[in-house]
1. Consider residue 117 carefully, then state whether it is closer than 18 Å to residue 33 by Cα, of a type outside the set (Lys, Arg) and either touching a Lys or Arg at 6+ places or on another chain (Cβ under 6 Å) or part of a strand (DSSP E or B) (or both).
2. Within segment 28-47, how many residues are open to solvent by 50 Å² or more (accessible area, probe 1.4 Å) and either part of a loop (DSSP other than H, G, I, E, B) or of a type in the set (Ser, Thr, Tyr) (or both)?
3. Report yes if residue 50 is within 19 Å of residue 21 (Cβ to Cβ) and either in a loop (DSSP other than H, G, I, E, B) or open to solvent by 20 Å² or more (accessible area, probe 1.4 Å) (or both), otherwise no.
4. Which one is surrounded by the most Cβ atoms within 10 Å (Cβ to Cβ) among residues in segment 59-90 that are of a type in the set (Asp, Glu) and assigned to a strand (DSSP E or B)?
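The values are calculated or read from the model by the stated rules, or taken from the named source; none is laboratory data. Just so we're clear, the structure is a prediction, and the values are computed from it rather than from any experiment. Reconstructed Cβ throughout: ideal geometry from the backbone, glycine too, with neighbour counts over all protein chains shown. All accessible areas refer to the heavy atoms of the entire protein, side chains included, with ligands and DNA or RNA removed. Shrake-Rupley method; radii C 1.70, N 1.55, O 1.52, S 1.80 Å.
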Amino acid sequence: TMKYLKDYIDGTFKIKSFPNSNVIRYNYNQGILIVEGSYAEIIGNKIDANIKANIAVGGENSGKTKIKYNLIENSKSEGIFVVEGQDKLLIEENTINNNYFGIVMIDSKGIVKHNLIVDNY
């Protein structure tokens with residue numbers, strides 16, 4: 001639900017509310033790179049301060065990817081970067097904060113809804 005977005009705005013976002021969440025940070029390239037032909041469900045993680053995109057995805061099978069309930073912040077590049085994303089790709093209910101760009105989609109389709117995208121350059 002949108003409750004976690006409200007919690008983040010109120011300053012009480014707690015990544016620990018998601019069991020088995022990951023913290024992916026300080027990588028010299030992407031935090032998560034889903035190469036063409038692959039797909040993933042990226043749910044309830046903190047993806048933070050990676051040099052390239054915090055999450056990058058695209059191409060064949062990208063329509064099976066779901067990116068939900070993540071805290072995606074402080075990248076020197078894109079919060080989420082999509083190239084040739086398919087129409088069923090889902091980016092929903094994430095907090096995307098303080099990246100150089102929030103979401104960049106190139107030659108892409110997809111569903112982008114109910115995200116909090118703030119303070120990106």
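1. No: the conditions fail for residue 117.
2. 6
3. yes
4. It comes out as 78.
Residue-by-condition table, conditions (1) of a type in the set (Ser, Thr, Tyr); (2) farther than 19 Å from residue 35 by Cα; (3) touching an Asp or Glu at 6+ places or on another chain (Cβ under 9 Å):
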| residue | (1), (2), (3) |
| --- | --- |
| 65 | yes, no, yes |
| 76 | no, yes, no |
| 80 | no, no, no |
| 94 | no, yes, no |
